[in-house]
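Read through the structure below, which is laid out as structure tokens, and then see the notes.
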Amino acid sequence: GLAGPYHFDYKGDPLAEDAFDQSISYQEVMPYYFVNQNSIKHYLLMAENDQLVGKENTLDLDRALRQ
């Protein structure tokens, strides 16, 4: 599957209101909150000039997959 590494509270964010169901908490929909350590190979990519999703989100997801 394909999922973004983002993990942020999107409530009240006008840039995210159309992308996420505002009636559900971000912990219920963002992949970061569902990962566990496993032996499956993962490919995490970062866009060099991404102005919305910070690189720390990808690094956090990588850490969660390894712990």
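Readers should treat all values here as calculations from the given coordinates under stated rules, not as data from a laboratory. Computed from a predicted structure; not experimentally measured. All Cβ positions, even for glycine, are placed from backbone atoms using ideal geometry, and neighbour counts span all protein chains on display.
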Most exposed to least, judged by fewest other Cβ atoms within 10 Å, V29, V35 sort to V29, V35
In degrees, nearest ten, helix 55-66 long axis to first principal axis of the chain (Cα)
50 degrees
